[in-house]
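Everything below concerns the one structure shown next.
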Amino acid sequence: MKEYQRKQLLERIGRDGATIGTQIPDDIEIQGETLDLQTFVFEIKRRETIPPGERDRVDQAKRNLRRERIERVERIENNEVSYAEGRELAESIVGIDRALNALEQLEPVDLEAESQRQAAADTKRWLTFLTKALGRDEGRSRNSQ
């Protein structure tokens, strides 16, 4: 895979709103086991809150999904796959993000922590905008390239 293709894939999975319109994968293989992800998420989400008996199962699923997401991102970052495989991985990562978002929405909301996350995301978007507006790429100005 070419470097610009790798960067495009990483940008795709890191983009704000990447999960909008994305489907939760029907199933996903995590650590050698297949999880019927879409059914699991919809079954839990249908209840609107996580029942006490299911909390451990949901927490374990979220940990496994986060771990799998990291592993898949690293495969793209380390250029271990072809571009076609990277595209499939990127789509699966966005699907994992969608599933994680759905599962996270079931948790009670800590307004202060959420406010801090929003402020951090706003700052990141602002810095990204400024970097692009000033014509800087990875810390270098256009004149020094």
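The values are calculated or read from the model by the stated rules, or taken from the named source; none is laboratory data. All of these numbers come straight from a predicted model, not from anything done at the bench. Because the Cβ atoms are built from the backbone with ideal geometry, glycine has one as well, and the counts that use them run over all protein chains shown.
Looking at G53, G95, G86, just one residue is more than 24 Å from E3 (Cα to Cα) and either modelled with pLDDT of 90 or more or assigned by TED's automatic domain parsing to the domain that holds R12 (or both), and that residue is G53. If I ask for residues that are modelled with pLDDT under 80 and surrounded by 11 or more Cβ atoms within 10 Å (Cβ to Cβ), which ones from the stretch 115-136 would you list? Matches in the stretch 115-136: R136 only. For the list (1) over 30 Å from R63 (Cβ atoms); (2) in a helix (DSSP H, G or I); (3) modelled with pLDDT under 85, I need the number of the one condition that E112 fails. Going through (1) over 30 Å from R63 (Cβ atoms); (2) in a helix (DSSP H, G or I); (3) modelled with pLDDT under 85 one by one, E112 breaks only (1).
Which of the residues belonging to the stretch 7-38 are touching a residue at least 12 places away in the same chain (Cβ under 8 Å) and either polar (S, T, N, Q) or in contact with a Cys (Cβ under 9 Å, 6 or more places away or on another chain) (or both)?
Initial filter on the stretch 7-38 (touching a residue at least 12 places away in the same chain (Cβ under 8 Å)): 9-10, 12-13, 16, 18-19, 22-26, 28, 30-31, 35, 37-38.
Across the stretch 7-38, the qualifying residues are T19, T22, Q23, Q31, Q38.
Can you find a residue that is more than 29 Å from E11 (Cβ to Cβ) and either in a helix (DSSP H, G or I) or modelled with pLDDT of 85 or more (or both) anywhere in the stretch 60-68? Taking every residue of the stretch 60-68 in turn, at least one turns out to be more than 29 Å from E11 (Cβ to Cβ) and either in a helix (DSSP H, G or I) or modelled with pLDDT of 85 or more (or both).
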